[in-house]
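Everything on this sheet refers to the single structure shown next.
The values are calculated or read from the model by the stated rules, or taken from the named source; none is laboratory data. This structure is a prediction, so every number in the text was calculated from the model and none was measured. Heads up, the Cβs are rebuilt from the backbone with ideal geometry, glycines too, and the neighbour counts pull from every protein chain shown. Heads up: the accessible areas ignore ligands, DNA and RNA and are worked out on the full protein's heavy atoms, side chains in. Shrake-Rupley method; radii C 1.70, N 1.55, O 1.52, S 1.80 Å.
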Amino acid sequence: MPATEESKPASRGNGRLRVAAIADLHVKEDGSVSYRALFHEISRAADVLVIAGDLTDLGKPREAELLAEELHACTIPVVAVLGNHDYECGAVEQVGAILRQAGVHLLDGQTIDIDGATFVGVKGFIGGFGSLMLGSFGEPTIKAMVAESVAEAMRLETALQRIDGDRIFIVLHYSPIAETVAGEPAEIFPFLGSSRLAETIDRFRASLVVHGHAHRGTYEGHTPGGIPVYNVASHIEKPSGRPYALLSI
Ligand SMILES: [Fe+2]
Ligand SMILES: [Fe+2]
């Protein structure tokens, strides 16, 4: 089933699910930015909230606690993956536990079914795009980086293999394509995602993909196989006119 961008909230009918998707909240422990009003708004505009990584700014448990408190304003299911910032302080287990306790469906190779649609999520990793992708050659540290990139793609593949339905919403933090990181300096493209994710996505019939991480990237693109990809970083201008994208599946 194709997924579409909607400029206005759609009515929930014909089995379509309205999904608000956002990434890169970067919640700080000083509480300088509040998402409470936005979560309240999203609860009225959509049926599901997706957060595509970098929920916290430095991966501090206190930041996760603040976000968990603000998520009380969200009355719809929340599906999320972690981003690189959520790993920064080495407290990722604690951050994940706090968010799960707040009711967030935090995906790291798992799936969650909501009203007939299946959400699958992994963080993804760096590595670059197309023929310029980093190859497994040379020093062990380079090979370890490539192995991590391959492992993330395989975690996604393993999850996709278990899905029966045809309404599949993929949530990543890193981009699977170069098109949606365009706008960032070309020198850092290899650190914004990996085509290995797109190769996996194109082998399965996903409806759409969202990611974040590239704050200065481009909203919309497609995998080489034609699957829609949306960069939903909160900083990116979207057809909804809001910090979140409104999608349907
Ligand atoms: Fe970010
Ligand atoms: Fe990031």
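When MET154, MET145 are compared by accessible area at a 1.4 angstrom probe, the order from most to least is MET154, MET145. Within the chain, the longest segment free of exposed loop sites, counting trypsin sites (Lys or Arg not before Pro) that fall outside DSSP classes H, G, I, E and B and have at most 16 other Cβ atoms within 10 Å, spans 29-161.
Here the Karplus curve 6.51 cos²θ - 1.76 cosθ + 1.60, taken at θ = phi - 60°, turns the phi angles of region 36-51 into couplings of 4, 5, 5, 5, 5, 4, 4, 4, 8, 8, 9, 9, 9, 10, 10, 10 Hz, with x standing for Gly and Pro. With θ taken as phi - 60° and the Karplus curve 6.51 cos²θ - 1.76 cosθ + 1.60 applied, the whole-hertz 3J(HN,Hα) list for region 237-242 is 5, 10, x, 5, x, 10 Hz, x standing for glycine and proline.
Can you pull a Stokes-Einstein diffusion coefficient for region 166-249 at 4 °C (1.567 mPa s), Rh from Kirkwood over Cα pairs, as a whole number of µm²/s?
On the way: Rh = 12.7 Å.
Result for D is 102 µm²/s.
Taking amide H atoms as placed 1.01 Å from N in the peptide plane, the amide H of GLY193 lies under 5 Å from those of GLY127, GLY128, SER175, each 5 or more residues away in sequence or on another chain. Solvent-accessible area of the chain (1.4 angstrom probe, protein heavy atoms only): carbon and sulfur portion equals 53 percent.
Summarising the label geometry, the points placed 7 Å from Cα in the beta-carbon direction at HIS40 and ASP113 lie 3.5 nm from one another.
Multiplying the sequence separation of ARG216 and LEU132 by 0.36 nm and subtracting their Cα-Cα distance, what value in nm do you get? Before the final figure, lay out each step's value.
Working: separation 84, 0.36 × 84 = 30.24 nm, distance 2.10 nm.
Separation in residues times 0.36 nm, less the Cα-Cα distance, equals 28.1 nm.
Candidates ILE112, ILE98, LEU66 compared by Cα position along the dipole of the chain: farthest toward the positive end lies ILE112, with charges placed on Cβ.
What the chain shows is 43 Å² of accessible area per residue, with the surface traced by a 1.4 Å probe over protein heavy atoms. Working from label points 7 Å from Cα in the Cα-to-Cβ sense, the ALA151 to GLU139 distance is 1.9 nm. Using a cutoff of 8 angstrom between alpha carbon atoms and counting only pairs six or more residues apart, the relative contact order for the chain works out to 24 percent. The relative contact order of region 143-249, computed from alpha carbon pairs under 8 Å that lie at least 6 residues apart in sequence, is 26 percent.
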